[in-house]
């Protein structure tokens, strides 16, 4: 949205020529690396999208050029830069929040959302091929913080990583985040204990959230159940499994065929008795 964007007065005060001369002299940046910025000088959306949805995005400072650092990114095989002071600012109040409906979290890919921290501050988040988190155009220019105590940057880092793992079909391992942290993040976006799904540019993924905050990767569990040849390990054709409340019989090939799209009514998996 155009009304969500603005370029700082400082940035408007520089001509393209003065920017090129200043950066080229003090930060060893060539005109070719400024090509994208110059081509989109008056296109705030294009600049923001290149930074927030680009590849190998980073922010750097030259010791002699600290106040005029740049954000760099790869574009069509070449390295491009945008001066820090010229990065457009976004109005987070115009953006939708991240919120699930009926335990289904669906986020548009290559899009912007609003995230509210525990302190009440609002920040711009992006969704990019299953990666969810604080927009690079803001986070790379923010004040550095550490893991001690409560601070918005570390809080958002943890929340973004948890949601990104879920959106990419990964398991959220307990040694990285506590069950309490996972439960808190899920509840924050409107996900309650039980089955839930998430789509954010990397396919649809289904999980089971327990009251403790432990998550079970339902897709991975179903694949495991479907891949096993049950006849080879002592079961017989026709033996019936109850998977999350729905029954599945072993077919002649030795397999069961469970789908994440099936309607589940239980959180348990019950195995048939095995012939010995």
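The values are calculated or read from the model by the stated rules, or taken from the named source; none is laboratory data. No experiment lies behind these values; they were computed from the predicted model shown. Using ideal geometry, Cβ is built from the backbone for each residue, glycine included, and neighbour counts are taken over all protein chains shown.
Can you confirm whether residue 197 is out of contact with any strand residue (DSSP E or B) (no Cβ under 9 Å at 6 or more places or on another chain), within 30 Å of residue 270 (Cα to Cα), at pLDDT 95 or above and surrounded by 14 or more Cβ atoms within 10 Å (Cβ to Cβ)?
So residue 197 does not fit the description; no.
Test residue 159 against the criterion of being at pLDDT 95 or above and in a loop (DSSP other than H, G, I, E, B), and give yes or no.
No: the conditions fail for residue 159.
Mind checking which residues of segment 218-249 are out of contact with any strand residue (DSSP E or B) (no Cβ under 6 Å at 6 or more places or on another chain) and outside any helix (DSSP H, G or I)?
228, 229, 230, 234, 235, 236, 237, 239, 244, 245, 246
Yes or no: residue 58 touching a strand residue (DSSP E or B) at 6+ places or on another chain (Cβ under 9 Å) and either over 16 Å from residue 161 (Cα atoms) or crowded, with 19+ Cβ neighbours inside 10 Å (or both)?
Criteria met by residue 58.
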